[in-house]
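This report concerns only the one structure given below.
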Amino acid sequence: MECLYCVLGFLFLASRLPLDAAKRFHDVLGNERYPGYMRKHNQLNGWSSDENDWNEKLYPVWKRGDARWKNSWKGGRVQAVLTSDSPALVGSNITFAVNLVFPRCQKEDANGNIVYEKNCRNDSGLSLDPYVYNWTSWSEDSDWGNGPGQSQHNVFPDGKPFPHHHGWKKWNFVYIFHTQGQYFQKLGRCSVRVSINTTNMTLGTHVMEVTVYRRHGRAYMPIAQVKDVYVVTDEIPVFVTMSQKNDRNSSDETFLRDLPIKFDVLIHDPSHFLNESAIDYKWNFGDNTGLFVSNNHTLNHTYVLNGTFNLNLTVHAAVPGPCPPPSPRPPKPTSLLVPAGDNSLEMSETPNGNCQINRYGHFRATLTIVEGILEVNIIQIADAPMPRPKPDNSLMDFVVTCKGTIPTEVCTVISDPTCQIAQNIICSPVDAEETCLLTVRRAFSGSGTYCVNFTLGDDTSLALTSTLISIPGKDPASPLGTASGVLISVGCLTLFVTVVAILVYKKHKEYKPIENRPGNMVKGRGLHGFLHHTKAGFFRGNQEKDPLLKNQPGTL
């Protein structure tokens, strides 16, 4: 009798061995548990429970730190990069993207094979074999997709067959996504995307884990694991960009008094879930100007006093559609970010019987308003007094004035007439004065038209103005002008003497040197007078030194 009990006990244990040895998806993919982890979750559309069995023979499982990871890929380790467009408003879609980063000099070709880049040298030098993995030849030499054996290895870890869509044989990576107690299997190339509707998702912070396998003959080998945190929320994700003319740094939330600030509301809605929603914006700028309600995502506001002000924005969206069941949500801690009376899960019924869900988003910021440089004017441009000896460059004096605070530096950019190609940039400090009146001297390398930009700045503000200026050519009385005049005069004299010699030769039928002719001095004086008038006609002084200079100051 005792022997019978022993045999029965042995058979019982033997019957349990396969069950105990079999791995499940959560054993392979969910070895770590995170704060707030829950075993029970709502069913995600198209996903499967991680209680299903995992085919460890076809998809081996390696723990972290296993030495086999070092040899899982030829030429080094493959890195998987996982990103998402989180946070996601509940009811919208959230998309995850995985990109594989191969070792240096490796890439995926059009056929899905992994090849070496041409003329690329890695740690082992240039490879003679063009292929890292030639999966095309593997499929041709095997029964992949042809014959009864194909169903034995062209399957996912849970035994489901690969989808046989067009080009599926070029997809040699298997991606296993795992989150909230469920998994999703996908066959792909070196980059894949997966989208999930969040209607049935639990609100809060979650972790997405992805394990990647590559084809290895008739089995698969793990090559990379990666995880990322994502958020599902019932608050509309809202961000506000703030910009202001003359503000030096908009990111420090310090702005200038008496100049309008542009507020632009950005709603994070990558899946366009709110496209059909009516959205309005309620502003409170904290300066006792009251509430502003608008259906436009941009608004300008001007602060007229210095100080610190609390900006509050509430975004309301009426989302049409059928009423979903209330989403299970963890206890929400008390937060000062949600004003009293705003219920993110508030529902109302429209006359046509559909449900309208009211969603809210909030944004708060503390703004510091200070006085800054508000305006810059060029009130005068004049030739600078020329030192002795005269420099090669032309010097001009610009008289610049501004409104607001006294600047601490002035920068000048001299550009071409289109104001696009900078030729010279000079910055210099400004000594503090009671009034903003500066004389800035700048040099110009030659004649022509220039675009001149002046920027005045202090710690919090920058103000600028631009003008066009025409620099005339060198004066004829200058050494260069005189030399040119002499050269031209000599040329004209030679031509004139030649003509006279020809006429004299024709008249007297004999050659006589010109310099021995009597009366040459008289003709020389006449020639000198003629050349003098000719030169005056060609080299008149420019009476308008700056034809583009305007009498009115240029105002930014």
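The values are calculated or read from the model by the stated rules, or taken from the named source; none is laboratory data. Because the structure is predicted, anything quoted here is derived from the model rather than measured. For neighbour counting, all protein chains shown are included, and Cβ atoms are generated from backbone atoms with ideal geometry for every residue, glycine included. Side chains included, ligands, DNA and RNA excluded: accessible areas come from the protein's heavy atoms. Shrake-Rupley method; radii C 1.70, N 1.55, O 1.52, S 1.80 Å.
Within the stretch 93-121, residues that are within 20 Å of Ser137 (Cβ to Cβ) and in contact (Cβ under 8 Å) with a residue 60 or more places away in the chain reach partners that are among the β-branched types (Val, Ile, Thr) and in a loop (DSSP other than H, G, I, E, B) with beta carbons closer than 7 Å, at six or more positions or on different chains, in the pairs Phe102/Val78.
From the list Thr366, Thr418, Thr435, the one residue that fits, being part of a strand (DSSP E or B) and not basic (Lys, Arg), is Thr366.
Within the stretch 332-348, can one find any residue that is in a strand (DSSP E or B) and either touching a helix residue (DSSP H, G or I) at 6+ places or on another chain (Cβ under 8 Å) or modelled with pLDDT under 95 (or both)? Yes, the stretch 332-348 contains a residue that is in a strand (DSSP E or B) and either touching a helix residue (DSSP H, G or I) at 6+ places or on another chain (Cβ under 8 Å) or modelled with pLDDT under 95 (or both). Scanning the stretch 74-100 for residues that are in a strand (DSSP E or B), over 22 Å from the mean Cα position of the chain (by Cα) and under 30 Å from Asn122 (Cα atoms) yields a total of 3. Is one or more of the residues making up the stretch 203-212 over 33 Å from the mean Cα position of the chain (by Cα), modelled with pLDDT under 95, of a type outside the set (A, V, I, L, M) and open to solvent by less than 30 Å² (accessible area, probe 1.4 Å)? No - not one qualifying residue is present in the stretch 203-212. Taking the conditions (1) exposed (fewer than 15 other Cβ atoms within 10 Å of the Cβ); (2) modelled with pLDDT under 95 in turn, Val229 satisfies each one other than (2). Restricted to the stretch 235-269, and to residues there that are of a type in the set (Asp, Glu) and not in a helix (DSSP H, G or I), the residue that is farthest from Phe285 (Cα to Cα) is Asp269.
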